[in-house]
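Chemist: Provided herewith is a single structure, encoded as structure tokens, for subsequent inquiry.
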Amino acid sequence: MITLDANTWLTALPPDAPVLGLDLGTKTLGVAISDRRLMIATPLETIRRRKFGLDAAALQAIIDARDIGGLVLGLPLNMDGSEGPRAQSTRAFARNFSDLRPIPLLLWDERLSTVAAERALLEADASRARRAEVIDHIAAGVILQGALDRVRHLRAEA
């Protein structure tokens with residue numbers, strides 16, 4: 001199941017399972033993980049992208065090892081909200097991965113997530129080399145935390 005609706009995604013998740021946040025780039029795949037209560041996102045790792053099959057296998061290994069219940073995949077929309085080639089590529093990745101592994105997958109607007117991650121790293125006085133090393137999984141954490149905040153809001157409304 002692939003959706004843009006956080007409520008639909010939330011109802012499809014198994015209880016007490018953490019979720020992964022993903023920042024899909026052309027060269028890397030940033031990965032972050034939530035706690036089981038879906039409150040806090042923590043950057044996990046960066047996967048160096050090669051071919052879809054290898055990328056999917058690496059992602060499935062994380063899902064299996066950590067008993068993951070769902071995914072939040074950053075959707076890189078243009079600033080005007082339209083979808084460009086990167087968003088189309090992200091949707092294709094989501095479809096292909098979902099065909100391999102049926103898991104609740106939320107496409108989440110990731111506009112400015114990398115900017116927020118870069119700002120946080122600058123405020124932490126991280127060196128340029130360190131920023132380059134961790135920016136992708138920090139951005140995945142920003143994406144995931146945004147989705148978790150929405151989920152918390154949805155739960156409060158219920």
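Chemist: Restricting attention to region 34-49, and to residues there that are surrounded by 18 or more Cβ atoms within 10 Å (Cβ to Cβ) and touching a residue at least 40 places away in the same chain (Cβ under 8 Å), which single residue is farthest from Ala140 (Cα to Cα)?
Modeler: In this case the residue turns out to be Leu38.
Chemist: Let me ask something else. Looking at region 42-68 only, could you name the residues that are farther than 24 Å from Arg86 by Cα and touching a helix residue (DSSP H, G or I) at 6+ places or on another chain (Cβ under 9 Å)?
Modeler: Thr42, Ile68
Chemist: I'd like to verify a number: residues in region 1-33 that are without any contact (Cβ under 8 Å) to a residue 12 or more places away in the chain and in contact with a Lys or Arg (Cβ under 8 Å, 6 or more places away or on another chain), how many?
Modeler: Residues flagged as without any contact (Cβ under 8 Å) to a residue 12 or more places away in the chain and in contact with a Lys or Arg (Cβ under 8 Å, 6 or more places away or on another chain) within region 1-33 amount to 0.
Chemist: If I go through region 86-100 residue by residue, how many of them are loosely packed, with under 13 Cβ neighbours inside 10 Å and touching a residue at least 40 places away in the same chain (Cβ under 8 Å)?
Modeler: 1
Chemist: Residues of region 1-43 being charged (D, E, K, R) and under 13 Å from Leu73 (Cα atoms), which ones?
Modeler: Asp5, Asp23
Chemist: Go over the candidates Leu154, Leu144 one by one and state the one that is more than 18 Å from the chain's Cα centre (by Cα), among the aliphatic types (A, V, I, L, M) and modelled with pLDDT of 80 or more.
Modeler: Step by step, each of Leu154, Leu144 is checked, and only Leu154 is more than 18 Å from the chain's Cα centre (by Cα), among the aliphatic types (A, V, I, L, M) and modelled with pLDDT of 80 or more.
Chemist: Within region 86-128, track down each residue that is modelled with pLDDT under 80 and outside any helix (DSSP H, G or I).
Modeler: Arg111, Leu112, Ala124, Asp125, Ala126, Ser127
Chemist: Go through region 60-85 and report how many residues are modelled with pLDDT under 95 and surrounded by 15 or more Cβ atoms within 10 Å (Cβ to Cβ).
Modeler: 4
The values are calculated or read from the model by the stated rules, or taken from the named source; none is laboratory data. Quick caveat: nothing in here was measured; it's all calculated off a predicted structure. Here Cβ is always computed from backbone atoms with ideal geometry, including for glycine, and neighbour counts include all displayed protein chains.
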